[in-house]
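Values in this text are rule-based calculations from the coordinates and carry no lab data. Everything numeric here is computed off the predicted structure, so don't read it as measured data. Glycine also receives a Cβ, built like all others from the backbone with ideal geometry; neighbour counts cover every protein chain displayed.
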Amino acid sequence: MNSSFIRKYSANTLIVSVLLLVLSLFLILKPAESLSFIMILLGCITVLDGMIHIVSYFSTSSELRMFSFELVQGILGTILGFVFIFNPEIIVSFLPFIIGAWIIVEGIIKFQFAFNMKGNETANWVILLLLSILTVLFGFLIIFNPFGTALAITSLAGIFLCISEVLNIVEAVYVMVKVK
């Protein structure tokens, strides 16, 4: 393989990794602001998606438009996107409740699965039962402490991203030094 290509690729990787490392530090040190920024970014993407659906609706032939929901989908997506952009704290406050409820439902399903496993005389059903109970408790923890949980998850994501990017930087520097 061409060494100049490898060096260029490693240099690009190094630049991206440094930028992502800065982002990871922002996630760790400023989790509340990070969540708001992510909601605003998601809002911009949702507005763009809504606009694309609206344009698609009007550019579709009238025969196909009769069966299309793209206009409604586009209008609702655009409105939702602007809610995300101008009220990110509202979305951030509801998100943990939705995630918590979903985790509780998953835990309940796993709870039933554990009892189904017991009926089949499987030895490890108790482990599945305990894990399902922990899952349900974790879901309730998220619901009863939504903002703290969101901040902790954001910081944790930042920590994992930081570790990943430090490893990428080390790898990129190593490759650049070894490939001459």
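Structure values in brief
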{"item": "Separation in nanometres of the label points that stand 7 Å from Cα toward Cβ, at residue 106 and residue 71", "result": "3.9"}
{"item": "Residue exposure sequence - 173, 126 - by fewest surrounding Cβ within 10 Å", "result": "126, 173"}
{"item": "Calculated from backbone phi, Karplus (6.51, -1.76, 1.60) coupling profile of the range 68-75 in Hz, x at Gly/Pro", "result": "9, 10, 5, 5, 5, 4, x, 5"}
{"item": "Cα gyration tensor shape for the range 35-123, rounded if a/c is under 1.5, else prolate or oblate", "result": "oblate"}
{"item": "Mean ellipticity per residue at 222 nm, deg cm²/dmol - from DSSP H runs of n ≥ 4 across the chain, formula -39500 (n - 2.57)", "result": "-31500 deg cm²/dmol"}
{"item": "Inter-probe distance in nm under a simple model that places probes 7 Å from Cα toward Cβ, at residue 63 and residue 9", "result": "4.9"}
{"item": "Paramagnetic label zone (point 7 Å from Cα along Cα-to-C-beta, residue 166; backbone N under 16 Å) in the range 22-49", "result": "22-29"}
{"item": "For peptides 60-68, 7-15, sequence by mean Cβ density within 10 Å, most packed first", "result": "7-15, 60-68"}
{"item": "Gyration tensor verdict on the range 108-180 (Cα atoms; rounded if a/c is under 1.5, prolate if a/b is larger than b/c, oblate otherwise)", "result": "oblate"}
{"item": "In Hz, Karplus ³J(HN,Hα) per residue of the range 116-130 (6.51, -1.76, 1.60; θ = phi - 60°; x = Gly, Pro)", "result": "5, 5, 4, x, 8, 6, 8, 5, 8, 5, 5, 4, 4, 4, 5"}
{"item": "Exposure proxy ranking, count of Cβ atoms within 10 Å, fewest first, for 169, 163", "result": "163, 169"}
{"item": "Whole-number percent relative contact order across the chain, with pairs defined as alpha carbons under 8 Å at least 6 apart", "result": "38"}
